[in-house]
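The values are calculated or read from the model by the stated rules, or taken from the named source; none is laboratory data. Owing to the predicted nature of the structure, the values given are computational and were not obtained by experimental measurement. Heads up, the Cβs are rebuilt from the backbone with ideal geometry, glycines too, and the neighbour counts pull from every protein chain shown.
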Amino acid sequence: MTTKDELLKLFEANKGIYYNGEQIAAKLGVSRNAIWKAVTALREAGYPIESQKNRGYCMSPDSDIVSAQGISKYLTAELNIEVYDEVVSTNTMLKERASSGAPEGLVIIANSQTGGKGRLGRSFYSPLDTGVYISVLLRPSTLPPQKALKITTMAAVAASEAVDIVSDKDSKIKWVNDIFLDGLKVAGILTEASVSMENGNLEYAVLGIGFNVYEPKNGFPDEIKGIAGSILRKPSADAKNRIAAEFLNRFYSFWKEGEGSDYYREYKQRSLVIGKKVNVISPNSSVKATVLDITDDCSLLVRYEDGTVSELSTGEVSIRPEV
């Protein structure tokens, strides 16, 4: 770990507390000049490091910048977290690492994405300083591809619970992968996987999720305005680190419990679509239906207008406006 990383860890664990250069140098076992260079590097990276004569340095208690050190303060799961200022796509980056043999538990987080990925080939709007974009590497040993829905639905419950804690509101899940708050989408999930040719099970899965923590300075683009929303209306100290850690803690708790987890009860309870009239969307069609229920494996039970009842484990639905 570099001096910069060690210093950030110290500041994150002691926000608002001043340390002079001599104290920090003694704690980290480096020179005062090295501390000065590390402070300068942190400031250039956007961290609000304050300084006062005869008191030293501290990180502002009101700061809200994502960092591995900041997330680790709240983390109970044992994970290897890497944080980047900007990437093309955290999912794409992590799939490359997975193909090179990276172990389960590697988490890549970015402050922005230039090519964020959504479901059905869509993009995910990921501007700087407004959200948290997370990808998690999983290596399930016996999970067949048709059971991959479990990963997405576990993540949806974990994300919804994390949003509730940070916002102090009640969020909902729109089957299968979107989190809604106050009627607007504040988080979306995309799970991508590679199948083993030897046994037909998943070789690895990359779970990606993007949280809209704050509204962009100039608002959301026209194509998603009125659909996308933010978890918080105004800046809140450490909100991004907290929501990342709350999500990861909850997801890994479900993941480790495996078949013994009853997360699906919470998924059903948080559903936004049960009883609603929807459009069932596939790449080539959109069919009207009514949602009857969600099964114990989080499939969607729908009745089409011709009376046919079907159980959906893949696809997407949109809620039809009430008339």
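Each row is one residue, and each column tells you yes or no for (1) assigned to a helix (DSSP H, G or I); (2) modelled with pLDDT under 95; (3) among the β-branched types (Val, Ile, Thr); (4) closer than 23 Å to Ala162 by Cα.
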{"position": "Ala237", "(1), (2), (3), (4)": "no, yes, no, yes"}
{"position": "Lys240", "(1), (2), (3), (4)": "yes, no, no, yes"}
{"position": "Ile243", "(1), (2), (3), (4)": "yes, no, yes, yes"}
{"position": "Arg265", "(1), (2), (3), (4)": "yes, yes, no, yes"}
{"position": "Asp293", "(1), (2), (3), (4)": "no, no, no, no"}
{"position": "Cys298", "(1), (2), (3), (4)": "no, yes, no, yes"}
{"position": "Gly307", "(1), (2), (3), (4)": "no, no, no, no"}
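When Glu257, Glu311, Glu305 are checked against the criterion of being surrounded by fewer than 16 Cβ atoms within 10 Å (Cβ to Cβ), over 17 Å from Ile189 (Cβ atoms) and either touching a Cys at 6+ places or on another chain (Cβ under 6 Å) or in the same structural domain as Lys174 (by TED's automatic domain parsing) (or both), a single residue qualifies: Glu257. Scoring Ser123 on the criteria (1) modelled with pLDDT of 95 or more; (2) loosely packed, with under 15 Cβ neighbours inside 10 Å; (3) farther than 30 Å from Phe11 by Cα leaves a single failure, condition (1). Of all the numbered requirements in (1) out of contact with any helix residue (DSSP H, G or I) (no Cβ under 8 Å at 6 or more places or on another chain); (2) assigned to a loop (DSSP other than H, G, I, E, B); (3) free of Cβ contacts under 8 Å to residues at least 60 places away in the same chain, Asn33 misses one, and that requirement is (2). Listed by position, the strands (runs of 3 or more DSSP E) enclosed by region 48-118 that each have at least 1 residues that are at pLDDT 95 or above, of a type in the set (Val, Ile, Thr) and in the same structural domain as Leu248 (by TED's automatic domain parsing) are 80-84, 106-110.
Restricting attention to region 168-211 and to residues that are among the polar types (S, T, N, Q), modelled with pLDDT under 95 and farther than 19 Å from Ser299 by Cα, the residue that is nearest to the chain's Cα centre (by Cα) turns out to be Ser194. You will find that of Glu322, Glu257, the residue that is farther than 23 Å from Ile209 by Cβ and not in a strand (DSSP E or B) is Glu322 and no other.
Take Asp170 and decide whether it is buried (at least 16 other Cβ atoms within 10 Å of the Cβ) and free of Cβ contacts under 8 Å to residues at least 24 places away in the same chain. Taking the combined requirement at face value, the residue does not satisfy it.
Condition check: assigned to a strand (DSSP E or B), of a type in the set (Lys, Arg) and modelled with pLDDT of 90 or more. Does Arg250 satisfy that? Spelling it out, it is not the case that Arg250 is assigned to a strand (DSSP E or B), of a type in the set (Lys, Arg) and modelled with pLDDT of 90 or more. Scanning region 66-97 for residues that are surrounded by fewer than 17 Cβ atoms within 10 Å (Cβ to Cβ) and in contact with an Asp or Glu (Cβ under 9 Å, 6 or more places away or on another chain) yields a total of 3.
Determine, yes or no, whether Ala38 is surrounded by 13 or more Cβ atoms within 10 Å (Cβ to Cβ), touching a helix residue (DSSP H, G or I) at 6+ places or on another chain (Cβ under 8 Å), within 29 Å of Ile243 (Cα to Cα) and of a type in the set (Gly, Ala, Ser). So Ala38 fits the description; yes. Exactly one residue out of Ile209, Ile274, Ile231, Ile281 is surrounded by 13 or more Cβ atoms within 10 Å (Cβ to Cβ), in contact with a helix residue (DSSP H, G or I) (Cβ under 7 Å, 6 or more places away or on another chain), β-branched (Val, Ile, Thr) and closer than 19 Å to Leu149 by Cα: that is Ile209.
Looking across region 8-47, not a single residue is among the β-branched types (Val, Ile, Thr) and at pLDDT below 90.
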